[in-house]
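The values are calculated or read from the model by the stated rules, or taken from the named source; none is laboratory data. Note that the structure is predicted; figures quoted are calculated from it, not measured. Cβ placement follows ideal geometry from the backbone for every residue including glycine, while neighbour counts extend to all protein chains displayed. Quick note on the areas: whole protein, heavy atoms, side chains included, nothing else; ligands and nucleic acids left out. Shrake-Rupley method; radii C 1.70, N 1.55, O 1.52, S 1.80 Å.
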Amino acid sequence: MAAGARRKIFVGYDSSEDIAWQVCRHSLLRHADNDLTVIPIRQRVLRELELYTRPHDVDASTEFSLTRFLTPYLAAQSGWVLFCDCDFLFTTDVREVFEGLDQSKAVYCVQHNYTPAYDLKMDGKKQAIYPRKNWSSFILFNCDHPDVQKLTPAVVNSATPAFLHQFKWISDDRAIGSLDRDWNFLEGEYRKTDTVPRVIHFTNGGPWFEQWQNCDYADLWLEERDLYIDARRDAVLQKAA
């Protein structure tokens, strides 16, 4: 990536959780002085473009369960690109995570090792349990790495979910870099910390669900939501003036 180029951040989009995407995007831009390009990965659009052709999976927990692996292809660039789920809240400048990366790595992620605390997520969907769970919810892809370049639409449309989510497309596990846990802090799975994590992941459900209003860090998400609503209202008023 050329010096001074804007970082691309791809965020999984689920039509049932639009507000989660909006707040995630707002928190990303607010902490990075709006110097990011934040792009939603919308399955409907990818189907229209015939980039995603898998049969609809009624058991998938989100619309972006597998489309996330098209991120490097969609980025169409050299260097590093980031994907994250929409149920994230950023409390720091995400550009910091791009600093000091080892170019020999195919990806970086938080290498969680846990058993989910809940059988069901707050939207009623069954909690899937598998090796390397939630590793793929926040991935830094090295678009120049040959293993990442394997993630063509043909592969993403034909490979098993386990092959994709468990990073079996990476030929050597040593090419999987490790990030500090607070770059993908799993609310409800990890004990609340004295200091606010850099990135909070409401993996079981967030305050946009009525039943999840009192989860850890809900106040921070609600504050960000209110900032987003205020900014949207101001933009509408300015346009109408």
Item to complete: Please verify whether the stretch 112-133 includes one or more residues that are surrounded by 13 or more Cβ atoms within 10 Å (Cβ to Cβ) and at pLDDT 95 or above.
Response: no
Worksheet, complete the sentence: Scanning the stretch 16-33 residue by residue, those modelled with pLDDT of 95 or more and surrounded by fewer than 17 Cβ atoms within 10 Å (Cβ to Cβ) turn out to be Asp18, Ile19, Arg30, Asp33
Practice prompt. Assess whether Ala175 counts as being more than 17 Å from the chain's Cα centre (by Cα), of a type in the set (Gly, Ala, Ser), over 16 Å from Tyr73 (Cβ atoms) and surrounded by fewer than 16 Cβ atoms within 10 Å (Cβ to Cβ).
Written response: no
Worksheet item: Within the stretch 34-46, how many residues turn out to be aliphatic (A, V, I, L, M) and open to solvent by less than 40 Å² (accessible area, probe 1.4 Å)?
Response: 4
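Would you check if there is a residue in the stretch 47-55 being in contact with an Asp or Glu (Cβ under 8 Å, 6 or more places away or on another chain) and either open to solvent by less than 50 Å² (accessible area, probe 1.4 Å) or not hydrophobic (A, V, I, L, M, F, W, C) (or both)? So that I can check it myself, show each step before the final result.
Residues of the stretch 47-55 that are in contact with an Asp or Glu (Cβ under 8 Å, 6 or more places away or on another chain), as a first pass: none.
For the stretch 47-55, residues in contact with an Asp or Glu (Cβ under 8 Å, 6 or more places away or on another chain) and either open to solvent by less than 50 Å² (accessible area, probe 1.4 Å) or not hydrophobic (A, V, I, L, M, F, W, C) (or both): absent.
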Response to the item:
Of (1) open to solvent by less than 40 Å² (accessible area, probe 1.4 Å); (2) within 13 Å of Cys109 (Cβ to Cβ); (3) polar (S, T, N, Q), Thr203 satisfies every one except (2)
